[in-house]
1. Give the residues of the stretch 315-370 that are touching an Asp or Glu at 6+ places or on another chain (Cβ under 9 Å) and acidic (Asp, Glu), sorted by residue number.
2. Taking the condition of being within 21 Å of Phe280 (Cβ to Cβ) and in contact (Cβ under 8 Å) with a residue 60 or more places away in the chain, how many residues in the stretch 304-323 meet it?
3. Name the single residue, out of those in the stretch 321-367 being among the small types (Gly, Ala, Ser) and touching a Phe, Trp or Tyr at 6+ places or on another chain (Cβ under 6 Å), that is nearest to Trp305 (Cα to Cα).
4. Within the bounds of the stretch 148-171, is there any residue that is at pLDDT 80 or above and among the acidic types (Asp, Glu)?
5. Quick check on my filter: what residues within the stretch 69-97 are small (Gly, Ala, Ser), out of contact with any helix residue (DSSP H, G or I) (no Cβ under 6 Å at 6 or more places or on another chain) and within 11 Å of Ala175 (Cβ to Cβ)?
6. For the condition closer than 21 Å to Gly357 by Cα and either part of a loop (DSSP other than H, G, I, E, B) or in the same structural domain as Tyr345 (by TED's automatic domain parsing) (or both), what is the one hit in Val295, Val267?
7. If a residue must be farther than 24 Å from Thr347 by Cβ, in a helix (DSSP H, G or I) and of a type outside the set (A, V, I, L, M), how many such residues does the stretch 298-317 contain?
8. Leu327 is checked against (1) crowded, with 24+ Cβ neighbours inside 10 Å; (2) not in a loop (DSSP other than H, G, I, E, B) and fails just one. What number does that condition carry?
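The values are calculated or read from the model by the stated rules, or taken from the named source; none is laboratory data. Owing to the predicted nature of the structure, the values given are computational and were not obtained by experimental measurement. Reconstructed Cβ throughout: ideal geometry from the backbone, glycine too, with neighbour counts over all protein chains shown.
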Amino acid sequence: MKGKNEDVQRSTCRTGRAWAAAMALGLAIGGPLLAVVPSEAAPSAQQQVSQLTATLNAAQQQSEALSQRYDQAVSDQQSAASQAAAAKAHVQKLKGRITLTTTKLRSDALNAYITGSGASSGIAVFSTSLDAQASRQQYLAAAVGNLHRTEVTLTHERQAAHSAQAAAEASEARASASAAQASALAAKNQQLEASVASQLTSAKAEVARQAQAALAAQEAAARQAAAQQDQQAGGAHGGSTGPVGGSSGGSGSGLSALKAAITQIGVPYVWGGESPGHGFDCSGLTQWAWAQTGVSIPRTAAGQWAGLPHVSLSSLQPGDLLLYFNLDGDHAVDHVVMFAGSGPYGTSTVIAASHTGEPVGYGPLFTTDLIGAVRP
């Protein structure tokens, strides 16, 4: 291209002015791209993304708090269970001590009777029920004296132990209920997290869809404007008019070049790229494909248009190159595709490295800003 260096020439593989804008704006969700979306729904979708993100963050924080609450409740439950078990064991120990004391009291009463000390008291003891309060006092006074205080003390300890056991079991029950409640709340909160995360994914997809639709509309508008401008130029740039088409049959070299290009389908678009399996730009792909047939052609789209034989747009053959003019507003030949003649779009199928973000692949033949065709 006149007045431009080689690096700039290699950058002119764009499908329209919109692609330059797209590269500048990017496709990041929530980024500057949203500013160009004409749809009134876009701000709403982005706002939904922000709201759902905040909701999800809050739900995750709540889950963490509930987890801590559950852990504490389980710890409290285990501690209360240990205390209840200890109190229960203490009660059993006290019961054993009371049994021993009672046995000793009976033995002392019997000895007192045999030796004659406190005989009347001993007879009274064995003639009445041990559970009666009067006989119990008589039993204690005649047989063991101050051992009464020991039994009373043991009885009080047993009552205290029973109370401690009951309190620990109640604490254990409360902790268990708290743990169950925290677990249930955590489960509900996790369901909320999953629901919000799903909604957030959908909202982000909607924002991306709207952004892509806006870029597509912008590209279409740019192409339409460019077409109107170039129609005024007429034949000033050597463009051809009339029907565009061809067949799936052609020369051996053209078919071989096409087959070579097909092997690179899926390879990324790379600005200035000319490496098989790594990346191509538009003219890098066509030059490499024809080189596989032993035919050397110029590196840039402008060079291919200027240096190769022109052919009729109505008689295209596989391997022919279609050139485009002024796609990016530089009033020069700036894009090239290869005619395939058959494929997903029938006889209007082409193969090309179109633009950043679009790998090498098939596409429909478009005539906006089409200047003509060449056959190496």
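1. Asp328, Asp334, Asp369
2. 6
3. This residue is Ala353.
4. Checked the stretch 148-171: at least one residue is at pLDDT 80 or above and among the acidic types (Asp, Glu).
5. Answer for the stretch 69-97, where residues must be small (Gly, Ala, Ser), out of contact with any helix residue (DSSP H, G or I) (no Cβ under 6 Å at 6 or more places or on another chain) and within 11 Å of Ala175 (Cβ to Cβ): Ser75, Ser79.
6. Answer to the check: Val267.
7. Qualifying residue count for the region: 2.
8. (2)
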